[in-house]
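Here's the structure we're looking at; comments come further down.
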Amino acid sequence: MKTLKLSELQLDTLAEIFNIGIGSAAASLSEMINEDVQLSIPSVSCLPVMQASSTLTGDQSAILSAVEQHFSGEFEGTAFLLFPKGESLELVRRLISSDLPLEELSEFEEDALKEVGNVILNACFYTISNMLDCHLDGDIPNHVQGSCQEILGRGDGDIDEKVVLMLSMTFSIPSGDINGEISYMMNVKSMQNFLRIVDTYLTQIIS
Amino acid sequence: MSKRMRLLVVDDSKMSRMMITSIVKEHDDNWDIIQAASADEALTCSLEGQFDAVTLDVNMPGKTGLEIIPELKENLPSAHIAVISANIQKATTTAVYEFGLRFIAKPITESKIKLFLKEAGIDCENA
């Protein structure tokens with residue numbers, strides 16, 4: 001199982017970059033639902049996939065609703081926006097301003113969450129690319145459901161060769177009690193490329 | 001010899017504090033810069049001496065930047081305060097403007113910081 005140790009300054013820098021990306025995304029989301037979106041303090045950790053999975057959900061069998069988006073460029077991987085299943089439907093309700101019962105909202109869930117994922121994940125890609133001066137292409141977002149382990153375990157490649165850059169930052173909508181999390185899964189080589197770019201950026205700031 | 005200027009940089013991100021410090025120092029070495037990593041630290045600094053300018057983050061562990069603005073203004077009546085945040089939602093910017101302060105959207109850039117100092121009339125040419 002692969003692990004990577006990030007320095008305190010690398011973790012701080014990544015947290016701040018994602019903070020800016022999600023701050024921008026939250027402003028868009030706030031306009032979409034016409035409500036203030038509260039943001040938590042971001043924290044970043046880099047964990048093997050299995051460990052990330054158990055950290056994200058204490059209950060291994062809990063079903064999550066997620067948007068995944070593959071990205072490529074100077075480093076590549078998959079970004080995930082994760083919601084507990086019931087909360088994702090509440091977000092859909094907010095988006096379409098409907099009083100429909102949760103069961104009937106399911107048919108809108110895929111489209112609505114892909115749109116939210118598109119806004120939030122792309123804002124993060126844009127911020128990473130803009131601040132670190134690197135090129136990233138995002139694919140079309142895809143909606144997936146399952147346990148955290150099932151969601152993170154999807155895709156090509158050996159799961160033991162991958163690490164998860166886990167961004168613990170919840171954005172919540174007070175009236176709906178909705179909380180989302182973002183994670184980036186990359187293989188170790190990609191993660192090392194990403195960290196090299198972060199280090200170059202830090203050197204520029206300090207000099 | 002011109003009077004030395006004092007800037008209080010309040011942000012829980014070390015990277016952001018480093019960036020602002022580096023930009024201001026490069027712009028004009030006449031600034032003494034004090035860093036605070038939380039709202040409580042900022043209030044402590046504000047009781048220990050006067051500042052010409054303050055850059056204040058919003059989302060921080062413990063109290064938010066917005067929560068301490070009234071006390072900060074009371075402790076530092078002549079300081080020019082800019083709220084610098086990634087939280088660019090209307091609710092945040094409106095709250096900042098209602099306090100009569102400047103709002104600067106992150107990411108931090110050299111031009112944004114220089115403009116703040118210039119508009120406040122406290123950049124090197126005006127000090």
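The values are calculated or read from the model by the stated rules, or taken from the named source; none is laboratory data. From a predicted model like this one, the values you see are computed outputs, not experimental measurements. Neighbour counts run over all protein chains shown; Cβ positions are idealised from the backbone, glycine included.
Residues of segment A:64-109 that are modelled with pLDDT of 75 or more and aliphatic (A, V, I, L, M): A:Leu64, A:Ala66, A:Val67, A:Ala79, A:Leu81, A:Leu82, A:Leu89, A:Leu91, A:Val92, A:Leu95.
Candidates B:Met5, B:Met19: the one that is within 19 Å of B:Ala120 (Cβ to Cβ) and either facing chain A (nearest Cβ under 10 Å) or without any contact (Cβ under 8 Å) to a residue 12 or more places away in the chain (or both) is B:Met19.
For B:Thr44, the conditions (1) surrounded by fewer than 17 Cβ atoms within 10 Å (Cβ to Cβ); (2) at pLDDT below 95 all hold with the exception of (2). Of the residues in segment B:61-76, at least one is over 25 Å from A:Ile20 (Cα atoms) and either at the interface with another protein chain (Cβ under 10 Å from one of its Cβ atoms) or of a type in the set (Lys, Arg) (or both). Among strands (runs of 3 or more DSSP E) entirely within segment A:39-150, having at least 3 residues that are small (Gly, Ala, Ser) singles out A:64-73.
How about segment B:22-41: which of its residues are within 14 Å of chain A (Cβ to nearest Cβ) and surrounded by fewer than 17 Cβ atoms within 10 Å (Cβ to Cβ)?
Start the filter on segment B:22-41 by keeping residues that are within 14 Å of chain A (Cβ to nearest Cβ), which leaves B:22-26, B:35, B:37-39.
Selection gives B:Lys25, B:Glu26.
Among the residues of segment B:2-18 satisfying the criterion of being among the aliphatic types (A, V, I, L, M) and farther than 19 Å from B:Asp29 by Cα, which is surrounded by the fewest Cβ atoms within 10 Å (Cβ to Cβ)? Across segment B:2-18, the extreme among qualifying residues is B:Met15.
Looking only at segment B:103-121, count every residue that is assigned to a loop (DSSP other than H, G, I, E, B) and surrounded by fewer than 17 Cβ atoms within 10 Å (Cβ to Cβ) and tell me the total.
Initially, segment B:103-121 is screened for residues assigned to a loop (DSSP other than H, G, I, E, B), giving B:106-109, B:120-121.
Among the residues that remain, those that are also surrounded by fewer than 17 Cβ atoms within 10 Å (Cβ to Cβ) are: B:109, B:120-121.
Residues flagged as assigned to a loop (DSSP other than H, G, I, E, B) and surrounded by fewer than 17 Cβ atoms within 10 Å (Cβ to Cβ) within segment B:103-121 amount to 3.
Would you please name the residue that is nearest to the chain's Cα centre (by Cα), looking only at residues in segment A:140-173 that are of a type in the set (Val, Ile, Thr) and buried (at least 22 other Cβ atoms within 10 Å of the Cβ)?
Looking at residues that are of a type in the set (Val, Ile, Thr) and buried (at least 22 other Cβ atoms within 10 Å of the Cβ), I get A:Val164.
Does segment A:35-51 contain at least one residue that is in contact with a helix residue (DSSP H, G or I) (Cβ under 8 Å, 6 or more places away or on another chain), of a type in the set (Gly, Ala, Ser) and over 28 Å from B:Lys106 (Cα atoms)? No, there is no match, as no residue in segment A:35-51 is in contact with a helix residue (DSSP H, G or I) (Cβ under 8 Å, 6 or more places away or on another chain), of a type in the set (Gly, Ala, Ser) and over 28 Å from B:Lys106 (Cα atoms).
Here is a check on your reading of the model: is A:Leu121 under 30 Å from A:Ile205 (Cβ atoms), aliphatic (A, V, I, L, M) and either surrounded by 16 or more Cβ atoms within 10 Å (Cβ to Cβ) or without any contact (Cβ under 8 Å) to a residue 24 or more places away in the chain (or both)? Before the answer, list the steps.
Numbers: under 30 Å from A:Ile205 (Cβ atoms): yes; aliphatic (A, V, I, L, M): yes; either surrounded by 16 or more Cβ atoms within 10 Å (Cβ to Cβ) or without any contact (Cβ under 8 Å) to a residue 24 or more places away in the chain (or both): yes.
Criteria met by A:Leu121.
Of A:Ile41, A:Ile63, which residue is within 14 Å of chain B (Cβ to nearest Cβ), surrounded by fewer than 22 Cβ atoms within 10 Å (Cβ to Cβ) and not charged (D, E, K, R)? The match here is A:Ile41.
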